[in-house]
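The numbers here are math on the coordinates, done by the rules we state, and not lab data. In this text, all values refer to a predicted model and were calculated from it rather than measured experimentally. Using ideal geometry, Cβ is built from the backbone for each residue, glycine included, and neighbour counts are taken over all protein chains shown.
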Amino acid sequence: MRIAFVVGRFPVLSEAFILNQIIGLIDRGHDVDIYALEGFSGEEKVHPDVEKYHLLDRAFYAPQVPDNYIWRTLKAFGLLVRHGSKDPKLCLKALNFFQYGKRAASLRTLYTTIPFLQSQPYDIVHCQFGTYALQVLGAHQIGAVQGKFVSAFRGYDISWYVKEKGEEVYRELFEYADFFLTNCNFFRRRVISLGCEPEKIVVHGSGINCSRFTFKPRHFPEDGRIRIATTGRLIEKKGIEYAIRAVAQLTKTYPNLEFNIIGDGYLRESFEQLIQDLGVTDSVKLLGWRQQQELIEILDRSHIFVAPSVTAADGNQDAPVNTLKEAMAMGLPVIGTYHGGIPELIEEGVSGYLVPERDADAIALKLQQLIDHPQNWPAMGQAGRRYVEQHYDMNQLNDELVELYQSLIQPQNPALVRDLISTASR
């Protein structure tokens, strides 16, 4: 199959779940092109698979759309001069606001069409977030990109974006696209409530490469230094503030605690100040972004993992967090929140604990419970590893994805789609 993946920026270190699908499809003999609507990421660190699979050679970048309409128009004129000869009729269709409405009139369809000029038809056009599916919708309608149109909803696109733009924002997409995916049941229910037909959407989790995350039973450390970890962008919805406050409470009783926070974001300075104000600079460390192997090494030395996600003020929510899956695969007992798709991943009291959002006291209580009962760590870690292997193994999920694609391009076998809906949406 020929498959087009539509993403925002590329490559992005925090989006290993997209890389896992890309390389899984390539390994299975399929041809994958990558279209980045928001340009090159510019990140200094890249996932090793980007280089191993020469993915930058498969990437095409859309020109960025200026907010100012005058500059947007001038830039559009330049794009037509440089690229219009590749397919003049298609470029004119991208500007036909009489037929294609506001998207064409805003020139956004033209900007999105540019990277697809002279592309061959695809079997599948897979947009990795609903917001990017909306951007590609116009280009697909005019035939700039051809193939079964699939959109995945993953988090902010079905939480914050809907709150920002209104509950009708995806109405046209629901009617036009061929199929939809969500990464958890929580978001599938949300998409259906907004008007998507239930038979057009399945749950397809974000997979991890379990073989890269070696399981190790956790035991109380001989040196007595208990290492807690969390990974994620330093943004509101990750709830890291509450984990910092929880650890600060416990350092009075357990002075040998070490809390490592892997990630970066706009709240970094705020967290640095909070750590200083709480007097825990010796215990709480902001490590910044790390490549996957560096992250694995940190998790390998850790004993407990915390994923304290919250619903942000703008409505942004998380699915089952991939870094949480990685920690569970490595055998760490975990603490998460009753938030978004996280309760679909953690079984309370079996692989870890769940606490209310924004409750530092509850996190501290569960951390203390784990610290005081290290004999429970190995069994919790084994339960977590087993659950991740059963439900989030990358190879199994990529096989399922190929099967789903094939069902879309082989409409003579509708039973296959029904089977996928019944199994993938449990």
| query | Which one of Asn68, Asn260, Asn185 has the biggest mean-square fluctuation once the chain is modelled by GNM with Cα springs under 10 Å? | reply | Asn68
| message | Just to be sure I understand the model, the point goes 7 Å from the Cα along the line to the Cβ. What's the resulting Asn395 to Gln368 distance in nm? | response | 4.4 nm
| Taking Cα atoms, how many degrees apart are the long axis of helix 240-250 and the longest axis of the chain, rounded to 10 and kept between 0 and 90? | 0 degrees
| said: Considering only C-alpha atoms, what is the centroid distance from region 237-293 to region 101-169, in Å? | reply: 38 Å
| Roughly what angle does helix 268-277 make with the longest principal axis of the chain, taking Cα atoms, 0 to 90 degrees, to the nearest 10? | 20 degrees
| field | Selection of trypsin sites (Lys or Arg not before Pro), region 222-289, meeting DSSP coil and at most 12 other Cβ within 10 Å | value | Lys252
| remark: Assertion target for His204, His83, His373, ordered by fewest C-beta neighbours within 10 angstrom first, is His373, His83, His204
| field | Local electrostatic count at Asp123 - Lys and Arg +1, Asp and Glu -1, tallied over other residues with Cβ under 14 Å | value | -1
| field | Diffusion coefficient, µm² s⁻¹, Stokes-Einstein with Kirkwood Rh over alpha-carbon pairs of region 210-391 at 10 °C and 1.306 mPa s | value | 100 µm²/s
| request: Determine, from the Cβ-Cβ distance of Lys86 and Arg2 and an R0 of 22 Å, the FRET efficiency 1/(1 + (r/R0)^6), rounded to the nearest 0.05. | output: 0.70
| Going down the list Lys102/Lys237; Lys45/Lys366; Lys52/Lys238; Lys285/Lys325; Lys163/Lys200, which pairs span over 29 Å between their C-alpha atoms? | Lys102/Lys237; Lys45/Lys366; Lys52/Lys238
| field | Space enclosed by the convex hull of the alpha-carbon atoms of region 118-194, per residue, Å³ | value | 82 Å³
| query | Computed from the mean reciprocal separation of all distinct C-alpha pairs, what Kirkwood hydrodynamic radius does region 162-202 have, in Å? | reply | 10.4 Å
| Of Gly239, Gly288, Gly101, which has the largest mean-square fluctuation in a 10 Å C-alpha GNM of the chain? | Gly101
| message | 7 Å from Cα along Cα→Cβ at both Ser193 and Gln291: what's the point-to-point distance in nm? | response | 4.3 nm
| Long-range tail of P(r) for region 241-327 (Cα pairs > 23 Å, %) | 26 percent
| query | With a 10 Å Cβ neighbour count serving as the proxy for reagent exposure, in which order, fewest first, do Leu107, Leu56, Leu90 appear? | reply | Leu56, Leu90, Leu107
| query | Of Leu408, Leu267, Leu234, which has the largest mean-square fluctuation in a 10 Å C-alpha GNM of the chain? | reply | Leu267
| said: Order these by the 10 Å Cβ neighbour count, fewest first: Ile262, Ile124. | reply: Ile262, Ile124
| request: Starting from the exponent 0.38 and prefactor 2.2 Å, build the expected Rg for the chain from its residue count and divide its actual Cα Rg by it. | output: 1.04
| remark: Taking a ≥ b ≥ c as the square roots of the eigenvalues of the Cα gyration tensor, with a/c under 1.5 meaning rounded and otherwise prolate when a/b exceeds b/c and oblate if not, region 293-349 is prolate
| task | With a cut-off of 11 Å, note down the residues of region 273-310 whose backbone N falls inside the zone around a label point 7 Å from the Cα of Glu43 toward its beta carbon. | result | 289-292
| remark: Low-density loop GluC sites (Glu not before Pro), region 125-218, at most 14 other Cβ within 10 Å, DSSP non-H/G/I/E/B, are Glu167, Glu168
| note | For region 160-251, shape from the Cα gyration tensor axes a ≥ b ≥ c, cut at a/c of 1.5 then a/b versus b/c, turns out oblate
| task | May I ask for the Kirkwood hydrodynamic radius of region 1-142, worked out over all distinct Cα pairs and given in angstroms to one decimal? | result | 15.8 Å
| Estimated 222 nm signal from helices in the chain, with DSSP H stretches of n ≥ 4 weighted -39500 (n - 2.57), rounded to 500 | -12500 deg cm²/dmol
